[in-house]
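Down below is the structure, laid out as structure tokens.
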Amino acid sequence: MIRYLKHSEIDPEKWNQTVRNSLFSTVFAEYEMLDLLTGDGTWHALVDDDYQVVMPLPTRKKGVLKYVYTPFFMPQMGIFSNYELTGSEIDRFMNEVAKQYVLADVLLNEMETAQKIYDDYYVSYFLDLQNPYNELCSNFHENTKRNIKAGEKGQCQVTVGEEQIGDIIDLFRHNRGHEEAVHYQEQDYEILEIVANILSNRGLLEIYGIRTPEGKLAAGALFVKDGIRRWFWFSGRDNEQSRYKPMFLLLNNYIRDHAGTGIHLDFNGSKNPNVARLYKGFGGIIYCIPFVRRYKNTFWRFVLKLIGK
């Protein structure tokens, strides 16, 4: 039986055990991480039986209306279990969500793609780093190879574990962060830095940087160690240093450093076509992350569409 639990009713130990033993195990769905990503006490959950299956429900309010959303910086969410869920089981959970909230915008995870119950999907890319670098490099697109060579001529320095998390966040904030499509607020950047520092303290963060010959930080990235997966989680680039092709250099060096290890580099998807093209250029293999939108009923569907939600 599926039960709705408020945040205060969730057993953190049982929750984490289920998430860690699930087919899609990820540090981002652990109890403490959800607290950080959403704000303590603002996520609730659906739990089947004695935590055999769990589903986090990050919650926000618009006026008096409560709805479920996917937090920034959480790559995938969905339902967590140690067996493959059927479409009817996923639908059963979504129906329970609709009993509690007028609207649920739920990003599922890649283990739930095959069931075809989703309303939309996000595109992402991953790269299996099992093979040696020369084999991985042979699958790079020609334009990617040209950009790497052009960047190498600039004699930039690659740094590993030396850059400050806040400096990389500032690179994004003061460059791409000004674009209209980016909706991060100051509070979001603060949460990002807190979460990144927690991950770093747990030994789950790799920090790469590219510095110009003059020592200026041109690009930086935060990679999260998550089982055999490495999320290309967050990055920033100085637009004024684009001639050095710093992001091409950064990703190429990361791939070279980890080639032959068998880890999966997950580029973490992007709606930006230029960013997606960058990932694809490194030989990234496309996959889909399903998205489900569920209204409480037809009345709330009409009302929320009327107000543009």
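No lab work stands behind these numbers, since they all come straight from the coordinates. Note that this is a predicted model, so its numbers are computed, not measured. Backbone-built Cβ (ideal geometry, glycine too); neighbour counts: all protein chains shown.
Details
- Charge sum, other residues only, whose C-beta stays under 14 Å from Phe24's C-beta, Lys/Arg counted +1 and Asp/Glu -1: -4
- If the segment from Lys225 to Arg202 were pulled out straight at 0.36 nm per residue, it would be longer than the present Cα-Cα gap by 7.3 nm.
- Footprinting exposure proxy ranking of His174, His44, fewest other C-beta atoms within 10 angstrom first, gives His174, His44.
- Each Lys and Arg Cβ is given +1 and each Asp and Glu Cβ -1; about its Cα centre, the range 130-262 then shows a dipole of about 640 debye.
- Projecting the Cα positions of Ser138, Ser235, Asn201 onto the charge dipole of the range 130-262 (unit charges on Cβ atoms of Lys, Arg, Asp and Glu, taken about the Cα centre) puts Ser138 furthest along the positive direction.
- Cβ charges +1 (Lys, Arg) and -1 (Asp, Glu), total dipole of the chain, debye: 1040
- Charged side chains reduced to their Cβ positions (Lys and Arg at +1, Asp and Glu at -1) give the range 1-118 a dipole of some 540 debye around its Cα centre.
- Here the relative contact order of the chain, from alpha carbon pairs under 8 Å that lie six or more residues apart, stands at 24 percent.
- Checking the cross-link pairs Lys62/Lys280; Lys61/Lys296; Lys6/Lys61 against a 26 Å limit on the alpha carbon distance flags Lys62/Lys280 as lying beyond it.
- Contact order, relative form, for the range 130-262: 35 percent (alpha carbon pairs under 8 Å, 6 or more residues apart, mean separation divided by residue count).
- Between the listed residues Ile169, Ala98, Pro58, the Cα displaced farthest toward the positive end of the dipole of the chain, a dipole computed from Cβ unit charges relative to the Cα centre, is found at Ala98.
- Computing FRET efficiency as 1/(1 + (r/R0)^6) for Thr261 and Asn82, where r is the C-beta to C-beta distance and R0 is 25 Å, gives about 0.45.
- For the range 130-262: lysine pairs under 22 Å (alpha-carbon distance), excluding those fewer than 8 apart on one chain: 7
- Applying 0.36 nm per residue to the separation of Thr42 and Lys99 and subtracting their alpha-carbon distance, the gain on full extension is 18.7 nm.
- Across the chain the C-alpha pair distances fall into 20 Å bins from zero in the proportions 31, 56, 13, 0 percent.
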